[in-house]
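*Asks:* Dropping a structure here in structure tokens format, bear with me for questions.
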Amino acid sequence: MGCPLSTIEPFNTLPSEITSELAARSLAIELPAERVLFHQGDPGDCLYIVLEGAVSVYSESEDGGRRQLTLLERGAVFGEMALLTGQPRSASVRTTTDVRLMGIRKTEFDRVVTAHPELVVALARTLSKHLNRVTADLSRAEASEKAYQRLLSEYYAGPQVPLVGRTKAITEVIAEAERLAGCSEPVLIGGAPGTEKRSVAWRIHQAGDKSSGPFVIFDPHQVHLGDASKVESTGGIASELAQDATLFGCPPGIIPSIKSGRMGLLQAADGGTLVIENIDSLQPAVQEKLAGYLETGTFPLADGQRRRSTARIIGLLSKDTGSSRPNLSERLLSEGFSKNRISVPTLARRKKDLALILDALVESLSKRLGKRITGVEQEAYQAVLAYDWPGNVEELDIVVRRAIKLTESEQIRAQDIFVGADEQGGPAVELLKQPEVKSLFLSRYFPSACQLLTGLALSAVVLFTIAGFWSTGTDLALVAVWGIGEPLFLISTLVVARLGCSFCPFGRLSSILSSTGLRRDPPNWLRRRGPYLAALGLGIILWAEVVTGMPHSPGPTVVLILSILLLAALAGLVFKRRTWCRFLCPLGNWVGSLATCSALELRGRTAVCNSDCASHVCYRGEPGQSGCPMFEGPFSLSENTDCILCADCIKVCPNNSPLVNLRLPAQELWKNRRLSAALPAFVPVMVATQLLRLSDHSGLLDPLRSLDASALILAGLTVLLWAGTLALAKGLSMIAARSTEHESTATEVVRPSTWLTSGASLLVGIAPLVVACELAYQFGALLGRGPEALGILDRLAGWDQLSGIVFLPWQVKAVELIVLSAGMGMTLIVERKLPKPRLRTPGIVGSMFLYLLFVGLVLLA
Ligand code: SF4
Ligand code: SF4
């Protein structure tokens, strides 16, 4: 066999005695793949010639990043520059396959050069050719470097959520991840949406020998052909092309919309790890090509060239497939994915780890967000533990991130934890797209002008009633309160949710005083117990209404109005913002419960609030503006109970996140992932009080009224009714708890946190019927007493024109029955959609019974 150098440039131009001498003085080197020959900056002590295999020449940055410069294959000479110039190595070299090299040490090289100076001339010629090529490549490399940096900034993912926990479910996962870190085979990670699949991939990357290389994440759902704003998510050929070009790269001129070509992520992740999220969404042809890469370590480009990469592949499945076959091609599965599988457990399966995960998240995210947070308040732990986290750690991550941004102390407080808000979807019309609606909400006179009008009207009512101005005036005031004001306030919730609270003069007074008072934060007990206090307050008001005949008595009416005014003012003097409206006002919280069945909602674009917003100015406020008066923000709203549609957030949000939607009435009852305490607290109180009120109107309580201590007896009856309704809720909750245990599987053990939350899901089913019962009563009051106001005005003005307008009792009853039946229909829909199939029949039977009871009492009245 001849000298191997005789066919290799530049040695093939030299006399054979020189090449033979060089060959005789050389070393035979054989190395496996992934061995570093030398690092950038090392002294130049040897020249190499590739006889078999391939090596990668790459630069190393100070932060440990690597960038491949070129790939050298059989016949390539490298390392000559450092020998000729005496300078340190200008790049690093690593084997990418098993290689066979010829090495000539510097001492041997110098000896041959001394005897044969023409060797220097030959090598200098090669060097000059290299330099020419390098110069020509420089502009291309510069563009390529820019593309590479752009690519990494888009796809490079730093440290992920830390993987912590002591339960068996997660310690097994951690142990498996560390075992798999020791090999370079592909790994497939499954788990429900939001579980720490990325964190497991990061653990494998970090614990393995590619930890100094890039960690790149690719999601086939987020690919585009040129214009990043047009994501190809629809599948088909466009999606296949976009996935292929993103993953494998695309040479210039192949795809018209990517004229200058695109570097692929496999190339960008060379020497590191490429994580493919939602790998089961890869198009079949792309899956095949990926399987080819796993087999050979190379992949073809559209121009026919092949490229090599050493990136390790970790695939993440979009959902938990358990032990069944994931939606991947047979070839891809046989290339290691079926062998190395990890399934990440849900948070519901390891609730005992929650406190640890919360601590770890607070520590890592506060560092990342540059905020000093020393710990978590006990109440905040409780708030986190009380929720079931259906969105898993991803949802917790969002909540903690926001809490860190919102907190005004060095601790995470309970009031900084907002759980449960989610994009709810469902049919909706965005009203803020209508310029008229938008300018109404943005107007500086909204809602202050309406507050002025309602304030004047309330003052007039109080004056008329107190002064007993003249008897007709007193009647007018009573009719204005009980025949017009209250019915319109409550009925309006059907269409405009809790907007009426925005116009409420009590709330306005409270908020004005709060800006000059003690400005205390509402304490945690008030935040937790507020809805129950408000529900109790409502029960007392409605009971007093029946016992005192309040709608026809000026005295109790004025006492009620002045009591509310006084309490609202006191709350305003002590607490911040509208603490009264949010946590204490019986009427406001009542309206909030009715608003769950409204056709209108204000929500935030949670994706915008969770990722684009750094300020949360809607909640925190800005100079001269105190932030959401109800201690909420569009980012936290998943139901209507607390938002009064004051439009403050619409005015200040820099990201146009708030949406005002026209939607299916009551949609939130079955879409909401979290129940506030208000609805479950108010439904039993409303049922009990409605039964009392309807019994009174139908004459069933007349025998009691003739007794001396009728007020006491009625109080006892009311309490009995409340206790009965609560006992019913408790009984249903026990059935619910048992039924949930039956439905749970070995992998998804989800138990309701408290009796209230489980019973609450049943109370939610009857909510539309109970709301309809209240609205039917209010329609009755409006149609029955509203015309009275016209008659009084008629008499006062001497017109004698309007007194004839009157609704007959059967007409009023017909309206009440229609409203009740509509509520029953809605209850049937909600009960069908609630996720508790085992309770569907008992729920429907219970609702039917209540409906027939209401109908019977209405007919008797
Ligand atoms: S509504 Fe606007 S200000 Fe508030 S969190 Fe969302 S994006 Fe930020
Ligand atoms: S969420 Fe917005 S509209 Fe609703 S009460 Fe808060 S600031 Fe007002």
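*Asks:* Among the listed residues L358, L369, which satisfies the condition of being surrounded by 14 or more Cβ atoms within 10 Å (Cβ to Cβ) and not basic (K, R)?
*Replies:* Working: L369 fails: surrounded by 14 or more Cβ atoms within 10 Å (Cβ to Cβ).
When all the criteria are applied, what remains is L358.
*Asks:* Follow-up question, since we're still on this one. Against the conditions (1) open to solvent by less than 10 Å² (accessible area, probe 1.4 Å); (2) away from ligand 1 (no atom under 16 Å from the Cβ); (3) more than 18 Å from E430 (Cα to Cα); (4) modelled with pLDDT of 90 or more, where does L679 fall short? Just the number, please.
*Replies:* Among (1) open to solvent by less than 10 Å² (accessible area, probe 1.4 Å); (2) away from ligand 1 (no atom under 16 Å from the Cβ); (3) more than 18 Å from E430 (Cα to Cα); (4) modelled with pLDDT of 90 or more, L679 violates only (4).
*Asks:* To continue, here is another question. For region 296-336, give me each residue that is modelled with pLDDT under 80, in a loop (DSSP other than H, G, I, E, B), buried (at least 16 other Cβ atoms within 10 Å of the Cβ) and of a type in the set (G, A, S).
*Replies:* A302
*Asks:* If you check every pair at least six apart or on different chains, which have Cβ atoms under 6 Å apart with a residue in region 811-835 that is assigned by TED's automatic domain parsing to the domain that holds A666 and open to solvent by less than 20 Å² (accessible area, probe 1.4 Å) first and a residue that is small (G, A, S) and in a helix (DSSP H, G or I) second?
*Replies:* Once the first residue is assigned by TED's automatic domain parsing to the domain that holds A666 and open to solvent by less than 20 Å² (accessible area, probe 1.4 Å) and sits in region 811-835, no partner that is small (G, A, S) and in a helix (DSSP H, G or I) comes close enough.
*Asks:* Mind checking which residues of region 631-648 are farther than 17 Å from V496 by Cα and within 7 Å of ligand 2 (Cβ to nearest atom)?
*Replies:* Taking region 631-648 first, the residues farther than 17 Å from V496 by Cα are 631-633, 635-636.
Within region 631-648, E632, G633 meet the criteria.
*Asks:* I would also like to ask the following. Looking for something over 26 Å from W722 (Cα atoms) and in contact with a strand residue (DSSP E or B) (Cβ under 6 Å, 6 or more places away or on another chain) - is there at least one such residue anywhere in region 546-569?
*Replies:* No, region 546-569 contains no residue that is over 26 Å from W722 (Cα atoms) and in contact with a strand residue (DSSP E or B) (Cβ under 6 Å, 6 or more places away or on another chain).
*Asks:* Mind checking which pairs have a first residue in region 657-671 that is within 16 Å of C643 (Cα to Cα) and acidic (D, E) and a second that is within 16 Å of ligand 2 (Cβ to nearest atom) and part of a loop (DSSP other than H, G, I, E, B), Cβ under 8 Å, 6 or more apart or different chains?
*Replies:* E668/Q424; E668/S638; E668/E639; E668/N640
*Asks:* Taking the options C3, C46, name whichever one is more than 30 Å from S211 (Cα to Cα), surrounded by 15 or more Cβ atoms within 10 Å (Cβ to Cβ) and either among the hydroxyl-bearing types (S, T, Y) or over 56 Å from the mean Cα position of the chain (by Cα) (or both).
*Replies:* Answer to the selection: C3.
*Asks:* Just need a number here: residues in region 639-664 that are of a type in the set (S, T, Y) and either in contact with an Asp or Glu (Cβ under 7 Å, 6 or more places away or on another chain) or within 12 Å of ligand 1 (Cβ to nearest atom) (or both).
*Replies:* Qualifying residue count, region 639-664: 1.
*Asks:* I276 is checked against (1) modelled with pLDDT of 90 or more; (2) assigned by TED's automatic domain parsing to the domain that holds E410 and fails just one. What number does that condition carry?
*Replies:* Answer for I276: the failing condition is (2).
*Asks:* I would also like to ask the following. Quick one: would you say G588 is part of a helix (DSSP H, G or I), in the same structural domain as A460 (by TED's automatic domain parsing), within 16 Å of ligand 2 (Cβ to nearest atom) and of a type in the set (G, A, S)?
*Replies:* Details: part of a helix (DSSP H, G or I): yes; in the same structural domain as A460 (by TED's automatic domain parsing): yes; within 16 Å of ligand 2 (Cβ to nearest atom): yes; of a type in the set (G, A, S): yes.
Here the answer is yes, as G588 does meet what is asked.
*Asks:* Next up: Tally up the residues in region 405-436 that are more than 14 Å from E632 (Cα to Cα) and buried (at least 20 other Cβ atoms within 10 Å of the Cβ), please. Before the answer, list the steps.
*Replies:* At the first step, the residues of region 405-436 found to be more than 14 Å from E632 (Cα to Cα) are 405, 408-413, 422-436.
Next, from what is left, pick out any that are buried (at least 20 other Cβ atoms within 10 Å of the Cβ): 412, 424.
Within region 405-436, residues that are more than 14 Å from E632 (Cα to Cα) and buried (at least 20 other Cβ atoms within 10 Å of the Cβ) number 2.
*Asks:* Moving on to the next point. If I filter region 623-638 down to residues being over 18 Å from the mean Cα position of the chain (by Cα) and within 10 Å of ligand 1 (Cβ to nearest atom), which single residue comes out as surrounded by the most Cβ atoms within 10 Å (Cβ to Cβ)? Let's see the steps before the verdict.
*Replies:* In the first step, residues of region 623-638 are kept if they are over 18 Å from the mean Cα position of the chain (by Cα); the result is 623-631.
Then keep just the ones that are within 10 Å of ligand 1 (Cβ to nearest atom); that gives 627-628.
Working: G627: 20, C628: 26.
That would be C628.
*Asks:* Still on this structure, please answer the following. May I ask you to verify whether K339 is open to solvent by less than 70 Å² (accessible area, probe 1.4 Å) and more than 21 Å from the chain's Cα centre (by Cα)? Walk me through how you get there before you give the answer.
*Replies:* On the way: open to solvent by less than 70 Å² (accessible area, probe 1.4 Å): no; more than 21 Å from the chain's Cα centre (by Cα): yes.
When the stated conditions are applied, K339 does not pass them.
*Asks:* With the requirement that a residue be touching a Ser or Thr at 6+ places or on another chain (Cβ under 7 Å), in contact (Cβ under 8 Å) with a residue 40 or more places away in the chain and closer than 18 Å to L83 by Cβ, what does region 1-36 give you?
*Replies:* L5, E9, P10, F11
*Asks:* Given the options S343, S364, name the one that is hydroxyl-bearing (S, T, Y), closer than 24 Å to A169 by Cα and assigned to a strand (DSSP E or B).
*Replies:* Working: S364 fails: assigned to a strand (DSSP E or B).
The unique qualifying residue is S343.
*Asks:* Here's another thing I want to ask about it. What number of residues within region 70-85 satisfy the criterion of being open to solvent by 50 Å² or more (accessible area, probe 1.4 Å) and within 14 Å of L123 (Cβ to Cβ)? If you could, list the steps in order and put the result at the bottom.
*Replies:* Here is the first cut: in region 70-85, the residues open to solvent by 50 Å² or more (accessible area, probe 1.4 Å) are 70-71, 73-74, 81, 84-85.
Add one more test, that the residue is within 14 Å of L123 (Cβ to Cβ), and what stays is 81, 84-85.
Counting residues in region 70-85 that are open to solvent by 50 Å² or more (accessible area, probe 1.4 Å) and within 14 Å of L123 (Cβ to Cβ) gives 3.
*Asks:* Still on this structure, I have one more. For region 576-615, what are the residues that are open to solvent by less than 10 Å² (accessible area, probe 1.4 Å), in contact with a Leu (Cβ under 6 Å, 6 or more places away or on another chain) and within 16 Å of ligand 1 (Cβ to nearest atom)?
*Replies:* L602 - this is the single residue of region 576-615 that is open to solvent by less than 10 Å² (accessible area, probe 1.4 Å), in contact with a Leu (Cβ under 6 Å, 6 or more places away or on another chain) and within 16 Å of ligand 1 (Cβ to nearest atom).
*Asks:* Just give me the residues in region 654-679 being within 14 Å of ligand 2 (Cβ to nearest atom), touching a Gly at 6+ places or on another chain (Cβ under 8 Å) and either among the hydrophobic types (A, V, I, L, M, F, W, C) or closer than 30 Å to G825 by Cα (or both), in sequence order.
*Replies:* L659
*Asks:* Name the strands (runs of 3 or more DSSP E) wholly inside region 63-144 in which the number of residues that are within 15 Å of S26 (Cβ to Cβ) and at pLDDT 85 or above is 1 or more. Steps first, answer last, please.
*Replies:* Numbers: elements: 66-72, 92-95, 99-105.
Result: 99-105.
The values are calculated or read from the model by the stated rules, or taken from the named source; none is laboratory data. It should be emphasised that the depicted structure is a prediction, and the values quoted were computed from it without experimental measurement. Cβ: placed from backbone, ideal geometry, glycine included. Neighbour counts: every protein chain shown. These accessible areas exclude ligands, DNA and RNA; they are computed on the full protein's heavy atoms, side chains included. Shrake-Rupley method; radii C 1.70, N 1.55, O 1.52, S 1.80 Å.
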